[in-house]
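Undergrad: I'd like to ask some things about the structure below.
The values are calculated or read from the model by the stated rules, or taken from the named source; none is laboratory data. None of these values were measured; they are calculated from a predicted model. Because the Cβ atoms are built from the backbone with ideal geometry, glycine has one as well, and the counts that use them run over all protein chains shown. Keep in mind that these areas ignore ligands, DNA and RNA; they rest on the heavy atoms of the full protein, side chains included. Shrake-Rupley method; radii C 1.70, N 1.55, O 1.52, S 1.80 Å.
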Amino acid sequence: MKTLLTAFVGSMALATAPMAMSAEANKELKMAYDADPVSLDIHEQLSGGMLQLSHMTFDPLIRWTKDLGFEPRLAKSWERIDENTMRFELREGVNFHSGNELTAKDVKFTFNRLKQSQDYKAIFKPFSELKVIDDYTFELVTNEPYPLLLNTATYIFPLDSEFYTGKTESGKDKGAITKHGNSFASENLSGTGPYVITGRQQGVRVEFERFDDYWDTESPGNVGKIVLTPIKENNTRVSALLSGGVDFIAPVPPTDLERIRRDKNADLVTMSGTRIILFHMNQDRVEAFKNPKVREAIAYAINQEGIAAKIMKGFATPAAQMSPEGYQGHNESLATRFDVEKAQQLMKEAGYEDGFTISMMAPNNRYVNDDKIAQAVAAMLARINIKVDLKTLPKAQYWPEYDARAADMMMIGWHADTEDSANFYEFLTFCPDADSGSGQYNAGNYCNPEIDELVNKANVETDLDKRTAMLKEVEQRLYDDAAFVPLHWQDLAWASKKNVKIEPILNVMNFPYLGDLVVE
């Protein structure tokens with residue numbers, strides 16, 4: 001992965017017409033994921049599953065390419081006006097599923113809603129306003145020079161403002177964002193994307209059909225119907241593919257990579273990942289976690305290489321920090337520090353030689369082998385006399401518990417939403433602040449204002465070398481402080497039948513562009 005030099009481009013970016021013309025969309029795809037979207041409101045939760053839904057049923061202003069550049073989607077061009085302002089031109093004649101036409105007012109409505117979303121408002125904090133110039137022209141304005149403006153624009157999927165405005169029959173606001181609750185937006189959807197949802201039974205199946213009036217007539221995609229079936233169990237999901245029950249699965253568990261490679265009717269695509277898997281240690285719940293020596297002892301007790309080799313079958317990269325190689329903050333001097341004797345000595349120095357008991361929670365169908373990883377970590381902590389009461393839960397039940405900080409140690413995986421190191425810190429290590437959204441997923445309640453300030457300075461630094469040095473220092477200081485327990489970066493794998501050409505639509509962000517999928 002390369003450093004995001006493209007984030008600093010200020011010149012005009014123009015749309016280029018795809019080479020392939022769209023074939024008749026008459027193919028059907030049966031796909032099995034480990035979970036289905038938790039809601040139809042794409043601003044309710046920031047997660048891989050929700051971003052996959054966004055790319056299927058909405059379209060972003062711009063989107064990432066395979067090499068982490070940008071390509072136009074609903075915005076056909078963009079131009080730097082001044083150091084705080086980028087002007088965008090929308091495509092004309094784009095319709096929502098409802099039949100309403102996309103205009104700049106829809107983008108402004110979406111921008112305002114993102115600023116209110118618990119999961120997105122921290123990402124959009126650098127932006128002061130979205131200024132509508134005319135029906136197809138608007139400007140994104142930042143408070144200060146911001147190096148990641150285009151990165152952030154990939155998360156603006158314009159909503160149908162007319163569709164989401166007004167009251168329901170029961171008098172509820174159609175535009176309200178309700179976390180883990182029933183709202184109009186969580187059950188109804190009108191986007192500009194390639195697919196409309198024609199049927200949905202939570203936890204059972206979601207049915208999609210090609211949008212007849214989809215704007216991108218030059219997309220090569222030829223899939224007219226998609227049926228998504230959530231299959232939590234890895235073996236069952238793989239067996240469904242190999243038996244012909246489904247055409248495309250994700251994720252592929254490390255234990256089944258060779259099994260799929262050997263099957264003459266299946267294709268396997270793998271890719272190095274950037275999602276960090278880690279544990280938080282809640283300092284508000286456990287007094288011992290406030291002691292840096294205890295946190296450091298836990299860091300020394302965990303064998304990342306062992307987890308990657310044995311549990312992940314080599315399908316992971318052991319981590320000592322959040323930033324993967326290629327990100328600006330990646331600090332090559334940081335190494336994993338497994339040493340049980342050192343860990344026991346630190347516990348003794350901290351006054352906790354006899355240990356203590358903690359609770360731990362992890363999902364069991366969100367990340368690859370997440371429950372097995374948690375079991376291994378619990379066993380490793382027992383060697384320094386920390387007794388763990390472990391509870392694993394399905395993804396749908398886990399996230400409300402995570403939001404409630406319901407255990408002393410909690411697992412989370414994080415892919416940087418802006419493909420940038422600072423995003424990790426803003427969500428996972430910043431001092432929690434409900435008003436700004438900072439530290440939204442900091443289940444450890446770790447707080448170091450000096451580190452936060454260094455990240456804030458990096459966020460307005462457009463000199464690439466200076467910004468890189470700042471972010472590397474952040475990683476060093478978090479490492480020295482044992483702010484969290486890094487485990488590994490999770491590799492990515494997808495599998496399909498031979499006639500389903502998935503490789504061209506896959507990316508390191510792990511939301512395949514299914515609208516462009518070709519089935520032979």
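Undergrad: Going by the structure shown, is LEU130 modelled with pLDDT of 95 or more, open to solvent by less than 10 Å² (accessible area, probe 1.4 Å) and not in a helix (DSSP H, G or I)?
TA: Against the criterion (modelled with pLDDT of 95 or more, open to solvent by less than 10 Å² (accessible area, probe 1.4 Å) and not in a helix (DSSP H, G or I)), LEU130 qualifies.
Undergrad: Can I ask one more? Confirm whether TYR441 is assigned to a loop (DSSP other than H, G, I, E, B), touching a residue at least 12 places away in the same chain (Cβ under 8 Å) and in contact with a Leu (Cβ under 8 Å, 6 or more places away or on another chain).
TA: When the stated conditions are applied, TYR441 passes them.
Undergrad: Hey, among the residues in the range 450-488 that are modelled with pLDDT of 95 or more and not in a helix (DSSP H, G or I), which one's farthest from LYS30 (Cα to Cα)?
TA: The residue in question is ASP481.
Undergrad: Separate question: For LEU140, state whether it is assigned to a loop (DSSP other than H, G, I, E, B), touching a residue at least 24 places away in the same chain (Cβ under 8 Å) and either aliphatic (A, V, I, L, M) or crowded, with 17+ Cβ neighbours inside 10 Å (or both).
TA: Taking the combined requirement at face value, the residue does not satisfy it.
Undergrad: Is it the case that some residue within the range 87-94 is open to solvent by 20 Å² or more (accessible area, probe 1.4 Å), basic (Lys, Arg), part of a loop (DSSP other than H, G, I, E, B) and closer than 17 Å to TYR214 by Cβ?
TA: Checking the range 87-94: at least one residue is open to solvent by 20 Å² or more (accessible area, probe 1.4 Å), basic (Lys, Arg), part of a loop (DSSP other than H, G, I, E, B) and closer than 17 Å to TYR214 by Cβ.
Undergrad: Taking the range 473-513 only, how many residues are hydroxyl-bearing (Ser, Thr, Tyr) and open to solvent by 30 Å² or more (accessible area, probe 1.4 Å)?
TA: Qualifying residue count for the region: 1.
Undergrad: Of the numbered conditions (1) at pLDDT below 95; (2) assigned to a strand (DSSP E or B), THR418 fails exactly one; give the number of that condition.
TA: THR418 satisfies every listed condition except (2).
Undergrad: Is at least one residue of the range 251-270 open to solvent by 40 Å² or more (accessible area, probe 1.4 Å), under 17 Å from LEU506 (Cβ atoms) and polar (S, T, N, Q)?
TA: yes
Undergrad: So, one more: Pull out all pairs, ordered by first then second residue, where Cβ-Cβ is under 7 Å, the residues are six or more apart or on different chains, the first lies in the range 303-323 and is free of Cβ contacts under 8 Å to residues at least 60 places away in the same chain and within 21 Å of ILE384 (Cβ to Cβ), and the second is surrounded by fewer than 16 Cβ atoms within 10 Å (Cβ to Cβ) and not aliphatic (A, V, I, L, M).
TA: That search, which allows pairs on different chains as well, returns nothing.
Undergrad: Looking at (1) among the polar types (S, T, N, Q); (2) open to solvent by 30 Å² or more (accessible area, probe 1.4 Å); (3) within 28 Å of SER436 (Cα to Cα), find the lone condition where ASN100 falls short.
TA: For ASN100, the exception is condition (3).
Undergrad: Another question, if that's okay. Mind checking which residues of the range 311-334 are over 20 Å from ALA376 (Cβ atoms) and open to solvent by 40 Å² or more (accessible area, probe 1.4 Å)?
TA: GLU325, GLU332, SER333
Undergrad: Can you find, within the range 388-419, the residue that is surrounded by the fewest Cβ atoms within 10 Å (Cβ to Cβ) among those that are within 14 Å of the chain's Cα centre (by Cα) and farther than 26 Å from ILE302 by Cα?
TA: THR418
Undergrad: Inside the range 44-77, can you point out the residues that are crowded, with 18+ Cβ neighbours inside 10 Å, more than 30 Å from LYS174 (Cβ to Cβ) and touching a helix residue (DSSP H, G or I) at 6+ places or on another chain (Cβ under 8 Å)?
TA: Correct list: LEU68, PHE70.
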